[in-house]
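The values are calculated or read from the model by the stated rules, or taken from the named source; none is laboratory data. Remember, it's a predicted structure, so these values are computed and weren't measured experimentally. Methodologically, a virtual Cβ is constructed for each residue, glycine included, from the backbone with ideal geometry; neighbour enumeration extends over all protein chains shown. For the accessible areas, the whole protein counts, side chains as well, though only heavy atoms, and no ligand, DNA or RNA atoms are used. Shrake-Rupley method; radii C 1.70, N 1.55, O 1.52, S 1.80 Å.
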Amino acid sequence: MFSSDSGTLSLLWDGLVQFISHGLTGATWWQAILVALVMTHITIASVTIYLHRHSAHRALDLHPIASHFFRFWLWMTTGMVTKEWTAIHRKHHAKCEREGDPHSPVVFGIKKVFWEGSELYRAEAKNQETLERYGHNTPDDWMERHVYTGHSRLGVSLMLIIDVALFGALGLTVWAIQMAWIPVTAAGIINGIGHYWGYRNFEAADASTNVFPWGVIIGGEELHNNHHTYPTSAKLSVKPYEFDIGWMYITVLKSLGLASVKKLPPKMAFGDVRPVADEKTLEAIIANRYEVMAGYARELHAACQREMKALQGSNGVSASALDAARRWLHRDDDKVPAEVKPQLALARAEHPVLDKMVTMREELRSLWTGTNATREQMAARLQDWCRRAEESGIAALRDFSVKLRSAHA
């Protein structure tokens, strides 16, 4: 009898050790980590598709099946509440990089946002004024009121139990990766680095940057400058070499009838060159003003390159100023470091072509920044701008003006 009981206990003990070591799946450590990465990617997709593009910006509508899956998954893997996330993100856009921005590196510093971004989020989530002002049109059904809101710990605790059941002790590591993923990628990299380092396709009013042209790891959110330029677009990639995996998932959901896209980035169209720029030309230019200015910036950059090439073999008096111009002259004045501005002024003084192009750029921009002119007056100003550009003797200005006259909405 004793021997039988001892054997049973031994089997139970061996089973318990086996469970603790490998869980129900018997997965190895690398298999568990692979599953963790897949699950964190689903979390990233849920944030970018559901919270960001659908809830905060209304760039697409989601079928109830899709939206509730995302809500449930985020409840288990992040504990985030739709209304809180949506309100905080909308406030970020409304007060971007000014006092009141919940997580701006300009306001708080890059170190604070990168390392303590989740703490900034939690602090702002307690601000009832933010939730009431910016949290409209978010879920308010029975599940939201009685399960998701106020019971975030229950969701992440359930995820912990599932991870441990599947992978045993390794499940603790899997769970820790899941819990750290959004604070590091979204709160740290996007909210921090996405306003601090990277490249810019467009001179948006803020300092937003594209961290990397291939948006895979963070679901396409790497293309942050594109997003701040066209915040209501469901697609974040705009250049042929850019890739937004979140958009790929949206197209799959759309094909399954689970999503409908409401808005995409405007795309400038060109046709026959009009004899003169008219109101239709003006309409196309204003609708695509960021793309127009990005194209002008490329021409200005190329002009700096030509001026530098022309200096080869000379005494190089303004070479350093031209190098600064090549790097900064195409940027808006408020984005240029103060210590660089004297060099840019020198480059403009010594190179009339660059000075003329900068002057004409600001005149072109004034077409849509002025608020008192009528539509007819704005069209007349555009016609005058094109005429002077084509009579300037500067090939880049002439060609750019001719291209503008071929634009249509």
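If we keep just the residues of region 124-155 that are among the hydroxyl-bearing types (S, T, Y) and assigned to a loop (DSSP other than H, G, I, E, B), which is modelled with the lowest pLDDT? Before you say what the answer is, go through the steps one by one.
Keep residues of region 124-155 that are among the hydroxyl-bearing types (S, T, Y), which gives 130, 134, 138, 148-149, 152.
Remaining after also requiring assigned to a loop (DSSP other than H, G, I, E, B): 138, 149.
On the way: T138: 96, T149: 91.
Of everything passing the filter in region 124-155, T149 is modelled with the lowest pLDDT.
Return the residue satisfying two criteria in turn: it lies in region 61-82 and is surrounded by fewer than 22 Cβ atoms within 10 Å (Cβ to Cβ) and either in contact with a Lys or Arg (Cβ under 9 Å, 6 or more places away or on another chain) or within 16 Å of L131 (Cα to Cα) (or both), and of such residues it is modelled with the highest pLDDT.
Of everything passing the filter in region 61-82, D61 is modelled with the highest pLDDT.
If I go through region 238-255 residue by residue, how many of them are in a loop (DSSP other than H, G, I, E, B) and surrounded by 11 or more Cβ atoms within 10 Å (Cβ to Cβ)?
Here the count works out to 3.
For L264, are the conditions met, namely being without any contact (Cβ under 8 Å) to a residue 24 or more places away in the chain, more than 20 Å from L367 (Cα to Cα) and of a type in the set (A, V, I, L, M, F, W, C)?
When the stated conditions are applied, L264 does not pass them.
From (1) open to solvent by 80 Å² or more (accessible area, probe 1.4 Å); (2) of a type outside the set (K, R); (3) modelled with pLDDT of 90 or more, pick out the condition that doesn't hold for T359.
T359 satisfies all of (1) open to solvent by 80 Å² or more (accessible area, probe 1.4 Å); (2) of a type outside the set (K, R); (3) modelled with pLDDT of 90 or more except (1).
If you scan region 149-172, which residues turn out to be of a type in the set (A, V, I, L, M, F, W, C) and over 14 Å from W73 (Cα atoms)?
Within region 149-172, I161, V164, A165, L166, F167, A169, L170, L172 qualify.
Return a yes/no flag: does region 208-219 have any residue that is more than 23 Å from V38 (Cβ to Cβ) and out of contact with any Leu (no Cβ under 9 Å at 6 or more places or on another chain).
yes
If we keep just the residues of region 152-162 that are in contact (Cβ under 8 Å) with a residue 24 or more places away in the chain and not aliphatic (A, V, I, L, M), which is most open to solvent (accessible area, probe 1.4 Å)?
Per the criteria, the residue is R153.
Keeping to region 97-118, report how many residues are open to solvent by 30 Å² or more (accessible area, probe 1.4 Å), hydrophobic (A, V, I, L, M, F, W, C) and closer than 20 Å to A87 by Cβ.
Adding up the residues that qualify gives 2.
Could you identify the single residue in A277, A303 that is modelled with pLDDT under 90, open to solvent by less than 30 Å² (accessible area, probe 1.4 Å) and within 19 Å of R388 (Cα to Cα)?
Values: A277 fails: modelled with pLDDT under 90.
None of the other options fit; the residue is A303.
Which count do you get for residues in region 214-237 that are open to solvent by 30 Å² or more (accessible area, probe 1.4 Å) and over 13 Å from R53 (Cβ atoms)?
Residues flagged as open to solvent by 30 Å² or more (accessible area, probe 1.4 Å) and over 13 Å from R53 (Cβ atoms) within region 214-237 amount to 3.
Any chance you could count how many residues in region 260-280 are within 30 Å of A59 (Cα to Cα) and out of contact with any strand residue (DSSP E or B) (no Cβ under 9 Å at 6 or more places or on another chain)? Quick ask: steps written out before the conclusion?
So in region 260-280, the residues within 30 Å of A59 (Cα to Cα) come out as 260-271, 279-280.
Subset that is out of contact with any strand residue (DSSP E or B) (no Cβ under 9 Å at 6 or more places or on another chain): 264-267, 279.
Of the residues in region 260-280, 5 are within 30 Å of A59 (Cα to Cα) and out of contact with any strand residue (DSSP E or B) (no Cβ under 9 Å at 6 or more places or on another chain).
Restricting region 124-144 to residues that are open to solvent by less than 100 Å² (accessible area, probe 1.4 Å) and without any contact (Cβ under 8 Å) to a residue 12 or more places away in the chain, which is nearest to G188 (Cα to Cα)?
N127
What single numbered condition from (1) of a type outside the set (D, E, K, R); (2) open to solvent by less than 30 Å² (accessible area, probe 1.4 Å); (3) out of contact with any helix residue (DSSP H, G or I) (no Cβ under 7 Å at 6 or more places or on another chain) fails to hold for G271?
Evaluating G271 over (1) of a type outside the set (D, E, K, R); (2) open to solvent by less than 30 Å² (accessible area, probe 1.4 Å); (3) out of contact with any helix residue (DSSP H, G or I) (no Cβ under 7 Å at 6 or more places or on another chain) leaves (2) as the failure.
Here's a check for you: in region 167-192, which residue that is in a helix (DSSP H, G or I) and in contact with a Ser or Thr (Cβ under 6 Å, 6 or more places away or on another chain) is surrounded by the fewest Cβ atoms within 10 Å (Cβ to Cβ)?
P183
Let me confirm something: among A87, A56, which residue is buried (at least 18 other Cβ atoms within 10 Å of the Cβ), more than 14 Å from E144 (Cα to Cα) and touching a Gly at 6+ places or on another chain (Cβ under 9 Å)?
Just a single option satisfies the conditions, and that option is A87.
Mind counting the residues in region 320-346 that are outside any loop (DSSP other than H, G, I, E, B) and either open to solvent by 40 Å² or more (accessible area, probe 1.4 Å) or of a type outside the set (A, V, I, L, M) (or both)?
Residues meeting the conditions: 13.
Can you name the number of the only condition in (1) outside any loop (DSSP other than H, G, I, E, B); (2) surrounded by fewer than 19 Cβ atoms within 10 Å (Cβ to Cβ) that Y121 fails?
Every condition holds for Y121 apart from (2).
Tell me, please, whether a residue that is of a type outside the set (S, T, N, Q) and touching a residue at least 60 places away in the same chain (Cβ under 8 Å) can be found in region 304-321.
no
Among (1) over 26 Å from P265 (Cα atoms); (2) assigned to a helix (DSSP H, G or I), which single condition is W368 missing?
If we test W368 against (1) over 26 Å from P265 (Cα atoms); (2) assigned to a helix (DSSP H, G or I), just (1) comes out false.
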